[in-house]
Amino acid sequence: MTGKLFIKAVLKFAAGVVLMGTLIFLPAGTLDFFGGRLLMGILFIPMFVAGIVLMFKSPVLLEKRLNAKEEQAEQALVIKLSGVMFAVGFILAGLDFRFGWTAFPEFVTWVGAALFLLAYIIYAEVLRENAYLSRTVEVQEDQKVIDTGLYGIVRHPMYGATVILFLSMPLVLGSLPSFVIFLAYPFIIAKRIGNEEEVLEKGLAGYAEYKEKVRYRLIPFIW
(Lines give C-alpha, C1' and ligand atoms only; values in the text may rest on other atoms or scores of the structure.)
Protein backbone atom coordinates (compact mmCIF):
# COMPACT_ATOMS: atom_id res chain seq x y z
CA MET A 1 0.00 0.00 0.00
CA THR A 2 1.26 3.50 -0.85
CA GLY A 3 0.10 6.90 0.33
CA LYS A 4 -0.57 7.93 -3.26
CA LEU A 5 -2.86 4.94 -3.86
CA PHE A 6 -4.67 5.57 -0.56
CA ILE A 7 -5.33 9.23 -1.43
CA LYS A 8 -6.47 8.30 -4.95
CA ALA A 9 -8.88 5.68 -3.58
CA VAL A 10 -10.31 8.03 -0.92
CA LEU A 11 -10.81 10.87 -3.41
CA LYS A 12 -12.54 8.62 -5.95
CA PHE A 13 -14.77 7.14 -3.26
CA ALA A 14 -15.73 10.57 -1.90
CA ALA A 15 -16.36 11.91 -5.40
CA GLY A 16 -18.64 8.96 -6.13
CA VAL A 17 -20.66 9.53 -2.95
CA VAL A 18 -21.05 13.27 -3.62
CA LEU A 19 -21.91 12.84 -7.31
CA MET A 20 -24.46 10.08 -6.82
CA GLY A 21 -26.01 11.81 -3.81
CA THR A 22 -26.36 15.01 -5.81
CA LEU A 23 -27.93 13.25 -8.80
CA ILE A 24 -30.51 11.49 -6.61
CA PHE A 25 -31.35 13.84 -3.74
CA LEU A 26 -31.17 17.23 -5.48
CA PRO A 27 -33.93 16.33 -7.99
CA ALA A 28 -35.87 14.68 -5.13
CA GLY A 29 -35.74 17.97 -3.25
CA THR A 30 -35.12 16.21 0.05
CA LEU A 31 -32.85 13.77 1.85
CA ASP A 32 -35.97 12.02 3.15
CA PHE A 33 -35.96 9.57 0.22
CA PHE A 34 -35.73 6.10 1.71
CA GLY A 35 -34.95 4.33 -1.56
CA GLY A 36 -32.16 6.80 -2.26
CA ARG A 37 -30.64 6.41 1.20
CA LEU A 38 -30.92 2.61 0.99
CA LEU A 39 -29.20 2.51 -2.40
CA MET A 40 -26.39 4.77 -1.19
CA GLY A 41 -25.90 2.48 1.81
CA ILE A 42 -25.87 -0.87 0.02
CA LEU A 43 -23.62 0.55 -2.70
CA PHE A 44 -21.01 2.50 -0.78
CA ILE A 45 -20.69 0.59 2.51
CA PRO A 46 -19.66 -2.71 0.83
CA MET A 47 -17.53 -0.69 -1.62
CA PHE A 48 -15.73 0.97 1.29
CA VAL A 49 -15.09 -2.39 2.99
CA ALA A 50 -13.92 -4.00 -0.28
CA GLY A 51 -11.61 -1.04 -0.90
CA ILE A 52 -9.97 -1.46 2.51
CA VAL A 53 -9.51 -5.20 1.93
CA LEU A 54 -7.96 -4.63 -1.51
CA MET A 55 -5.79 -1.83 -0.14
CA PHE A 56 -4.03 -4.29 2.18
CA LYS A 57 -4.48 -7.61 0.39
CA SER A 58 -4.14 -6.67 -3.28
CA PRO A 59 -3.13 -3.05 -3.90
CA VAL A 60 -2.18 -3.90 -7.50
CA LEU A 61 -5.73 -5.03 -8.25
CA LEU A 62 -7.14 -1.96 -6.50
CA GLU A 63 -4.99 0.29 -8.67
CA LYS A 64 -6.25 -1.50 -11.78
CA ARG A 65 -9.84 -0.96 -10.65
CA LEU A 66 -9.19 2.74 -10.05
CA ASN A 67 -7.71 3.22 -13.51
CA ALA A 68 -10.61 4.28 -15.74
CA LYS A 69 -8.77 5.81 -18.70
CA GLU A 70 -9.71 3.90 -21.84
CA GLU A 71 -7.33 3.78 -24.80
CA GLN A 72 -9.85 2.07 -27.06
CA ALA A 73 -11.99 4.71 -28.82
CA GLU A 74 -14.96 2.35 -28.93
CA GLN A 75 -14.72 1.78 -25.18
CA ALA A 76 -14.51 5.52 -24.50
CA LEU A 77 -17.90 5.82 -26.21
CA VAL A 78 -19.27 3.04 -24.02
CA ILE A 79 -18.08 4.89 -20.89
CA LYS A 80 -19.76 8.10 -22.06
CA LEU A 81 -23.04 6.32 -22.85
CA SER A 82 -22.97 4.64 -19.44
CA GLY A 83 -22.37 7.99 -17.76
CA VAL A 84 -25.34 9.55 -19.53
CA MET A 85 -27.50 6.56 -18.57
CA PHE A 86 -26.58 6.86 -14.91
CA ALA A 87 -27.11 10.61 -14.79
CA VAL A 88 -30.50 10.50 -16.51
CA GLY A 89 -31.63 7.42 -14.57
CA PHE A 90 -30.77 8.85 -11.15
CA ILE A 91 -32.20 12.30 -11.92
CA LEU A 92 -35.46 10.75 -13.13
CA ALA A 93 -35.65 8.62 -9.97
CA GLY A 94 -35.29 11.74 -7.82
CA LEU A 95 -37.91 13.63 -9.83
CA ASP A 96 -40.18 10.58 -9.75
CA PHE A 97 -40.03 10.56 -5.94
CA ARG A 98 -40.58 14.31 -5.77
CA PHE A 99 -43.61 14.42 -8.04
CA GLY A 100 -45.01 10.92 -7.46
CA TRP A 101 -45.09 9.82 -11.08
CA THR A 102 -44.94 6.10 -10.25
CA ALA A 103 -45.40 4.13 -7.06
CA PHE A 104 -43.92 0.63 -6.81
CA PRO A 105 -45.06 -1.52 -3.87
CA GLU A 106 -42.59 -1.37 -0.97
CA PHE A 107 -41.54 -4.99 -1.43
CA VAL A 108 -40.06 -4.08 -4.85
CA THR A 109 -37.50 -1.90 -3.07
CA TRP A 110 -36.45 -4.83 -0.86
CA VAL A 111 -36.36 -7.27 -3.81
CA GLY A 112 -34.15 -4.79 -5.63
CA ALA A 113 -31.86 -4.51 -2.59
CA ALA A 114 -31.59 -8.31 -2.34
CA LEU A 115 -30.70 -8.58 -6.05
CA PHE A 116 -28.18 -5.79 -5.66
CA LEU A 117 -26.42 -7.52 -2.77
CA LEU A 118 -26.49 -10.86 -4.63
CA ALA A 119 -24.78 -9.17 -7.57
CA TYR A 120 -22.18 -7.71 -5.20
CA ILE A 121 -21.42 -11.23 -3.93
CA ILE A 122 -20.97 -12.46 -7.51
CA TYR A 123 -18.77 -9.45 -8.25
CA ALA A 124 -16.61 -10.20 -5.20
CA GLU A 125 -16.19 -13.80 -6.34
CA VAL A 126 -15.12 -12.63 -9.80
CA LEU A 127 -12.50 -10.36 -8.19
CA ARG A 128 -11.25 -13.32 -6.17
CA GLU A 129 -10.99 -15.56 -9.24
CA ASN A 130 -9.41 -13.09 -11.65
CA ALA A 131 -6.43 -10.98 -10.55
CA TYR A 132 -6.19 -9.45 -14.04
CA LEU A 133 -9.45 -7.52 -13.81
CA SER A 134 -9.14 -3.95 -14.97
CA ARG A 135 -11.67 -1.21 -15.64
CA THR A 136 -10.08 -0.70 -19.05
CA VAL A 137 -9.95 -3.07 -22.00
CA GLU A 138 -6.35 -4.24 -22.28
CA VAL A 139 -4.08 -7.28 -22.31
CA GLN A 140 -1.74 -7.12 -19.33
CA GLU A 141 1.80 -8.40 -18.99
CA ASP A 142 1.91 -12.15 -18.20
CA GLN A 143 -1.91 -12.30 -18.34
CA LYS A 144 -3.39 -15.79 -18.57
CA VAL A 145 -6.83 -17.03 -19.52
CA ILE A 146 -9.05 -17.78 -16.50
CA ASP A 147 -11.39 -20.67 -17.32
CA THR A 148 -12.45 -21.99 -13.90
CA GLY A 149 -15.22 -21.07 -11.46
CA LEU A 150 -17.67 -18.56 -12.89
CA TYR A 151 -15.41 -18.20 -15.92
CA GLY A 152 -16.18 -21.83 -16.74
CA ILE A 153 -19.87 -20.90 -17.10
CA VAL A 154 -19.75 -17.58 -18.99
CA ARG A 155 -16.86 -15.60 -20.44
CA HIS A 156 -17.78 -12.31 -18.76
CA PRO A 157 -19.21 -12.99 -15.28
CA MET A 158 -18.17 -9.52 -14.07
CA TYR A 159 -20.39 -7.87 -16.67
CA GLY A 160 -23.18 -10.27 -15.77
CA ALA A 161 -22.92 -9.07 -12.18
CA THR A 162 -23.01 -5.43 -13.27
CA VAL A 163 -26.16 -6.02 -15.33
CA ILE A 164 -27.92 -7.32 -12.20
CA LEU A 165 -26.45 -4.47 -10.12
CA PHE A 166 -27.56 -1.72 -12.44
CA LEU A 167 -31.01 -3.10 -13.25
CA SER A 168 -31.70 -3.52 -9.52
CA MET A 169 -30.81 0.14 -8.77
CA PRO A 170 -34.06 1.66 -10.12
CA LEU A 171 -36.01 -1.06 -8.27
CA VAL A 172 -34.41 0.06 -5.00
CA LEU A 173 -35.25 3.64 -5.95
CA GLY A 174 -38.82 2.58 -6.77
CA SER A 175 -38.87 4.34 -10.13
CA LEU A 176 -40.31 2.96 -13.37
CA PRO A 177 -38.93 5.78 -15.60
CA SER A 178 -35.48 5.15 -14.13
CA PHE A 179 -35.80 1.41 -14.79
CA VAL A 180 -36.66 2.10 -18.45
CA ILE A 181 -33.49 4.19 -18.78
CA PHE A 182 -31.34 1.51 -17.15
CA LEU A 183 -32.65 -1.08 -19.62
CA ALA A 184 -30.15 0.48 -22.03
CA TYR A 185 -27.26 -0.98 -20.03
CA PRO A 186 -27.35 -4.59 -21.38
CA PHE A 187 -27.08 -3.17 -24.91
CA ILE A 188 -24.24 -0.84 -23.90
CA ILE A 189 -22.32 -3.67 -22.24
CA ALA A 190 -22.90 -5.94 -25.25
CA LYS A 191 -21.03 -3.37 -27.36
CA ARG A 192 -18.18 -3.33 -24.83
CA ILE A 193 -17.98 -7.12 -24.79
CA GLY A 194 -17.76 -7.31 -28.58
CA ASN A 195 -14.80 -4.94 -28.70
CA GLU A 196 -13.13 -6.50 -25.65
CA GLU A 197 -13.24 -9.98 -27.16
CA GLU A 198 -11.58 -8.71 -30.34
CA VAL A 199 -8.75 -7.23 -28.26
CA LEU A 200 -8.34 -10.37 -26.14
CA GLU A 201 -8.45 -12.76 -29.08
CA LYS A 202 -5.68 -10.82 -30.82
CA GLY A 203 -3.46 -10.26 -27.80
CA LEU A 204 -4.12 -13.02 -25.25
CA ALA A 205 -2.76 -16.49 -25.95
CA GLY A 206 -5.38 -19.21 -25.60
CA TYR A 207 -8.41 -16.89 -25.66
CA ALA A 208 -9.69 -18.21 -29.00
CA GLU A 209 -9.63 -21.75 -27.58
CA TYR A 210 -11.35 -20.48 -24.42
CA LYS A 211 -14.18 -19.05 -26.56
CA GLU A 212 -14.68 -22.51 -28.06
CA LYS A 213 -14.73 -24.10 -24.61
CA VAL A 214 -17.06 -21.57 -22.95
CA ARG A 215 -19.57 -20.59 -25.61
CA TYR A 216 -21.74 -18.11 -23.71
CA ARG A 217 -20.67 -14.54 -23.14
CA LEU A 218 -23.05 -13.28 -20.48
CA ILE A 219 -26.15 -15.44 -19.99
CA PRO A 220 -25.88 -19.26 -19.92
CA PHE A 221 -27.72 -21.01 -22.79
CA ILE A 222 -28.85 -17.64 -24.25
CA TRP A 223 -25.92 -15.38 -25.23
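For the reader, a short list of remarks on this structure follows.
- Extreme residue, modelled with the highest pLDDT, among residues of region 57-77 that are farther than 20 Å from Tyr120 by Cα and in a helix (DSSP H, G or I): Leu77
- Residue that is farthest from Phe166 (Cα to Cα), among those in region 78-105 that are free of Cβ contacts under 8 Å to residues at least 24 places away in the same chain and in a helix (DSSP H, G or I): Phe99
- Scanning region 20-64 for residues that are among the basic types (Lys, Arg) and out of contact with any helix residue (DSSP H, G or I) (no Cβ under 9 Å at 6 or more places or on another chain), we see that the one that is nearest to Val172 (Cα to Cα) is Lys64.
- Condition check for Phe25: at pLDDT below 95, more than 22 Å from Ala119 (Cα to Cα) and of a type outside the set (Lys, Arg): no
- Residue within region 178-196 that is of a type in the set (D, E, K, R), buried (at least 18 other Cβ atoms within 10 Å of the Cβ) and part of a helix (DSSP H, G or I) present: yes
- Criterion (modelled with pLDDT of 90 or more and within 22 Å of Phe33 (Cα to Cα)) met by exactly one of Pro186, Pro177: Pro177
- Residues of region 125-134 that are at pLDDT below 85 and either surrounded by 14 or more Cβ atoms within 10 Å (Cβ to Cβ) or touching a Leu at 6+ places or on another chain (Cβ under 9 Å) (or both): Leu127, Glu129, Asn130, Ala131, Tyr132, Leu133, Ser134.
- Against the criterion of being under 16 Å from the mean Cα position of the chain (by Cα), at pLDDT below 80 and surrounded by 18 or more Cβ atoms within 10 Å (Cβ to Cβ), Val137 qualifies.
The values are calculated or read from the model by the stated rules, or taken from the named source; none is laboratory data. Only a predicted model underlies this, so the values are computations on that prediction, with no experimental measurement involved. Here the Cβ is made from the backbone with ideal geometry for all residues, glycine too, and neighbour counts use every protein chain on show.
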